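*Asks:* So that we are looking at the same thing, I have put the structure below in structure tokens.
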Amino acid sequence: MAQQTRNPSRLLPGFRLTMGFTTLYLSLVVLIPLAALAIKSAGLPPSQWWDTVTAPRVLASYKVSLMTSFFAAVVNLAFGLLLAWVLVRYRFPGKRIVDGLVDLPFALPTAVAGIALTTIYAPNGWIGQLAQPFGLKIAYSPLGITIALIFIGLPFVVRTVQPVLQDLESDTEEAAVLLGAYRWRSFRRVILPQLIPALLTGFALAFARGIGEYGSVVFISGNMPMKTEIAPLLIITKLEQYEYGQAAAIAVVLLLLSFVLLLLINLLQRWAGRRLHSA
Amino acid sequence: MAGIVTNPGAGKAQAAVPEHLTESRPVKYLLIGIALLFVALIVVLPMVTVLSQAFSKGWSSYVYALKDPDALAALRLTLTTALLAVPLNSLFGLAAAWAITKFKFRGKNLLITLIDLPFAVSPVISGLIYVLLFGAQGLLGPWLQEHDIHIIFATPGIVLATMFVTFPFVARELIPLMEAQGVLDEEAAVSLGARGWRVFRRVTLPNIKWGLLYGMILCNARAMGEFGAVSVVSGHIRGETNTLPLHIEILYNEYQFTSAFAVASLLMLLAVVTLIAKSILERRMSGHGG
């Protein structure tokens with residue numbers, strides 16, 4: 001696959017050794033196991049494959065995964081922008097700690113987040129019991145899944161928008177002020193357009209992460225088929241029933257969904273790069 | 001995706017925003033207030049919950065939960081897994097970064113994309129692929145059974161699944177870093193007569209040591225905390241194939257909440273230590289330009 005065409009530093013040694021190890025390790029750990037997924041999924045006759053991924057329970061699980069991930073990503077889009085703004089533009093005590101806390105969802109094991117969030121939002125939990133008098137059920141409902149995914153996706157939008165906001169030239173903003181634009185107007189017309197690629201990238205990353213998420217969701221979701229059962233959990237259920245082919249088929253569709261999202265991210269970033277150069 | 005996980009510019013000092021380019025005070029305080037409230041609700045509250053639940057029955061039952069033989073076995077397995085997965089992925093990250101940044105070859109972008117691939121795969125699918133390969137009904141299952149080799153529902157499967165989910169961490173950290181540093185230092189050393197390994201140790205390594213450590217710390221946090229992928233391949237045999245996160249799940253499902261949260265508090269401590277180390281390294285890297 002990797003053919004050496006021109007070596008910019010003909011002097012340096014180690015290409016064959018490092019390239020050899022890289023391809024070997026990549027093949028053993030990533031590519032061959034992923035190929036097993038394709039082979040097992042293809043082992044199912046096409047009609048059975050289609051029946052598997054379009055079964056009502058499976059479709060319902062895709063819908064739950066997609067809807068909750070989407071709404072969680074929307075919430076993170078708004079609050080992620082706000083957090084990035086506050087962290088870049090303002091000074092306040094404890095700012096460095098808040099900045100560090102944004103990364104907690106990356107560092108905290110998902111199972112820990114899962115049981116903690118379930119305890120908070122269960123009917124007898126700190127927040128769950130506040131919601132109960134209003135007939136609002138948070139844990140064991142799609143709302144609970146969404147909250148877990150808001151936690152998981154929090155860092156994405158903040159961390160994609162923050163550097164762009166930091167590097168924003170103040171010239172155009174300055175000009176807008178000189179021309180008499182109000183603060184909100186100059187934000188909407190001057191700053192926001194420059195943030196849109198980063199915002200969409202963060203949104204798509206959070207969305208993609210939510211679709212595949214398992215650990216933080218499985219405790220709070222209640223796992224009711226057709227209602228709060230997410231697609232990754234259904235894969236495990238099929239696996240426990242030794243339906244390997246069906247598990248693989250559901251997984252392939254889920255994987256394709258995340259690949260489409262990542263492809264979109266790549267296109268977005270290329271678009272953003274072009275915009276930056278033409279500006 | 002890993003590029004998002006890391007934020008080396010985070011510690012950068014900010015110049016004050018000029019007065020006429022900022023919001024009025026009430027708006028500013030309102031925005032800060034909403035942001036802080038959101039962080040408190042989404043991030044801080046779960047942390048407080050873990051601690052308050054862990055110590056809800058006092059110090060002695062906290063210690064009792066951690067001294068439980070199954071908890072200790074889970075801790076041992078978690079440490080073993082990280083001790084295998086992190087060095088192997090670091091070695092891979094170094095090799096991949098060397099090949100990618102010091103040489104030109106066709107298919108480089110494809111290789112970088114493939115290295116990133118595991119970040120795009122759901123944890124459950126990361127475990128599933130190994131079951132499909134090595135499980136009893138997997139592609140290699142019959143052959144493994146014939147030779148009495150156990151991978152799934154045993155330690156090797158757990159290590160493999162962990163290696164998969166933490167695969168890109170070190171490589172993603174080193175590739176941009178070594179790309180920025182170029183090849184001139186190494187070439188100078190070679191033309192002065194230094195041999196390959198020596199060039200790497202004396203010239204390259206000192207330049208990338210903080211970045212390498214940064215990648216390893218993130219890799220380690222994920223390796224010790226992984227749940228979904230490991231859950232699929234583990235088989236949940238108590239005292240044998242349970243890692244700390246899986247042990248937490250079992251305790252929680254058995255309504256042993258205090259014990260579950262006591263074990264969870266250990267992993268939360270790991271997360272906090274990771275974040276502190278991360279922010280120290282970020283400042284070091286932005287200060288020394290690498």
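*Asks:* Do me a favour and compute the ellipsoid semi-axes for segment B:114-184 from its Cα gyration tensor, root of five times each eigenvalue, largest one first, whole Å.
*Replies:* On the way: eigenvalues 219, 32, 17 Å².
They are 33, 13, 9 Å, listed largest first.
*Asks:* Determine the relative contact order of chain B: mean sequence separation of Cα pairs under 8 Å and six or more apart, normalised by residue count, in whole percent. Don't skip to the answer; put the middle values down first.
*Replies:* Numbers: 338 pairs, mean separation 95.6, N = 290.
Computed value for chain B: 33 percent relative contact order.
*Asks:* Now, a different point. So what is the calculated 222 nm ellipticity per residue for chain A, using -39500 (n - 2.57) for each DSSP H run with n of 4 or more, over all residues, to the nearest 500 deg cm²/dmol?
*Replies:* Values: 15 runs with 203 residues, N = 279.
Taken over chain A, the calculation gives -23500 deg cm²/dmol.
*Asks:* What FRET efficiency comes out for B:ALA136 versus A:ILE39 if R0 is 22 angstrom and r is the Cβ-Cβ distance? Round to the nearest 0.05. Before the final figure, lay out the partial values.
*Replies:* Numbers: r = 16 Å, r/R0 = 0.74.
Approximately 0.85, to the nearest 0.05.
*Asks:* Kindly put B:PHE169, A:PHE134 in sequence by how many other C-beta atoms sit within 10 Å of each C-beta, fewest to most. Walk me through the numbers on the way to the answer.
*Replies:* On the way: B:PHE169 29, A:PHE134 7.
Least to most surrounded, the residues fall as A:PHE134, B:PHE169.
*Asks:* Using only the Cα atoms of segment A:26-142, what semi-axes does the equivalent ellipsoid have when each is the square root of 5 times a gyration tensor eigenvalue? Give whole Å, largest first. Working shown, then result.
*Replies:* Working: eigenvalues 275, 121, 44 Å².
For segment A:26-142, the semi-axes come out at 37, 25, 15 Å.
*Asks:* Could you tell me how many cubic angstrom of Cα convex hull volume segment A:190-279 has per residue?
*Replies:* Numbers: hull volume 9.6 nm³, N = 90.
Dividing the Cα hull volume of segment A:190-279 by its residues yields 106 Å³.
*Asks:* So if each residue of separation counts as 0.36 nm, and I subtract the Cα-Cα distance between A:GLU174 and A:LEU28, what length gain in nm does that give? Show your work: numbers first, answer last.
*Replies:* On the way: separation 146, 0.36 × 146 = 52.56 nm, distance 5.48 nm.
Gain on stretching A:GLU174 to A:LEU28: 47.1 nm.
*Asks:* Rank A:TYR214, A:MET224, A:ILE127 by how far each Cα sits towards the positive end of the charge dipole of segment A:45-278 (+1 on Lys, Arg Cβ; -1 on Asp, Glu Cβ) and give me just the farthest.
*Replies:* A:ILE127
*Asks:* While we're looking at this one, here's another question. Each label point is 7 Å from the Cα along the Cα-to-Cβ direction; what then is the distance between the points at B:ASP148 and B:LEU83, in nm?
*Replies:* Placing both labels 7 Å along Cα→Cβ, they lie 2.6 nm apart.
*Asks:* Take the cross-link list A:LYS40/A:LYS227; B:LYS102/B:LYS209; A:LYS95/B:LYS278; A:LYS40/A:LYS63 and give me the ones stretching past 26 Å between alpha-carbons. Don't skip to the answer; put the middle values down first.
*Replies:* Details: A:LYS40/A:LYS227 28 Å; B:LYS102/B:LYS209 17 Å; A:LYS95/B:LYS278 16 Å; A:LYS40/A:LYS63 24 Å.
Among A:LYS40/A:LYS227; B:LYS102/B:LYS209; A:LYS95/B:LYS278; A:LYS40/A:LYS63, the Cα-Cα distance tops 26 Å for A:LYS40/A:LYS227.
*Asks:* I've got another one for you. Can you tell me the FRET efficiency between B:SER191 and A:MET226 if r is taken as the Cβ-Cβ distance and R0 is 60 Å, rounded to the nearest 0.05?
*Replies:* On the way: r = 69 Å, r/R0 = 1.15.
Efficiency, rounded to the nearest 0.05: 0.30.
*Asks:* Which peptide among A:100-106, B:122-128, A:120-126 comes first, and what is the full order, when sorted by highest mean count of other Cβ atoms within 10 Å?
*Replies:* B:122-128, A:100-106, A:120-126
*Asks:* Based on the Cβ-Cβ distance from B:SER52 to B:HIS236, what FRET efficiency comes out when R0 is 25 Å, to the nearest 0.05?
*Replies:* For B:SER52 and B:HIS236, the calculated efficiency is 0.35.
*Asks:* Next question, about the same structure. What per residue convex hull volume, in Å³, comes out for chain B when only alpha-carbon positions are used?
*Replies:* Working: hull volume 55.7 nm³, N = 290.
Cα convex hull per residue, to the nearest whole number: 192 Å³.
*Asks:* Explain nothing, just compute: Karplus ³J(HN,Hα) = 6.51 cos²θ - 1.76 cosθ + 1.60, θ = phi - 60°, for every residue of segment B:42-57 in order, whole Hz, x for Gly and Pro.
*Replies:* 7, 9, 6, 4, x, 5, 4, 4, 4, 5, 5, 6, 4, 9, 5, 10
*Asks:* Output wanted: per-residue J couplings in Hz (rounded whole) for segment A:185-202, from phi through Karplus 6.51 cos²θ - 1.76 cosθ + 1.60, θ = phi - 60°, x for Gly and Pro.
*Replies:* Karplus values, whole Hz, x for Gly and Pro: 5, 6, 5, 5, 8, 10, 7, 3, x, 6, 8, 4, x, 5, 4, 5, 4, x.
*Asks:* Quickly work out the A:TYR242-to-B:TYR255 label distance, labels modelled 7 Å from Cα along the C-beta direction, and quote it in nm with one decimal.
*Replies:* Simple spin-label model gives 3.3 nm for this pair.
*Asks:* Let me ask something additional. Please work out the Kirkwood hydrodynamic radius for the protein assembly as shown, using every pair of different C-alpha atoms, and report it in angstroms with one decimal place. Could you put the intermediate results ahead of the total?
*Replies:* Values: mean 1/r = 0.0400 Å⁻¹.
By the Kirkwood definition, the hydrodynamic radius is 25.0 Å.
*Asks:* What translational diffusion coefficient, to the nearest whole µm²/s, does segment A:230-279 have by Stokes-Einstein, given a Kirkwood radius computed over alpha-carbon pairs, a temperature of 4 °C and 1.567 mPa s viscosity?
*Replies:* Approximately 101 µm²/s, per Stokes-Einstein.
*Asks:* So for segment A:45-278, what are the equivalent ellipsoid semi-axes in whole Å, largest first, each being the square root of 5 times an eigenvalue of the Cα gyration tensor? Intermediate results must be reported in sequence, preceding the final value.
*Replies:* Working: eigenvalues 274, 112, 40 Å².
Semi-axes from the Cα gyration tensor: 37, 24, 14 Å.
A short reminder: the numbers here are calculations on the coordinates, not readings from a lab. This is a predicted model, so every value here is computed, not measured. FYI the Cβ positions are ideal-geometry reconstructions off the backbone, even for glycines, and counts take in every protein chain you see.
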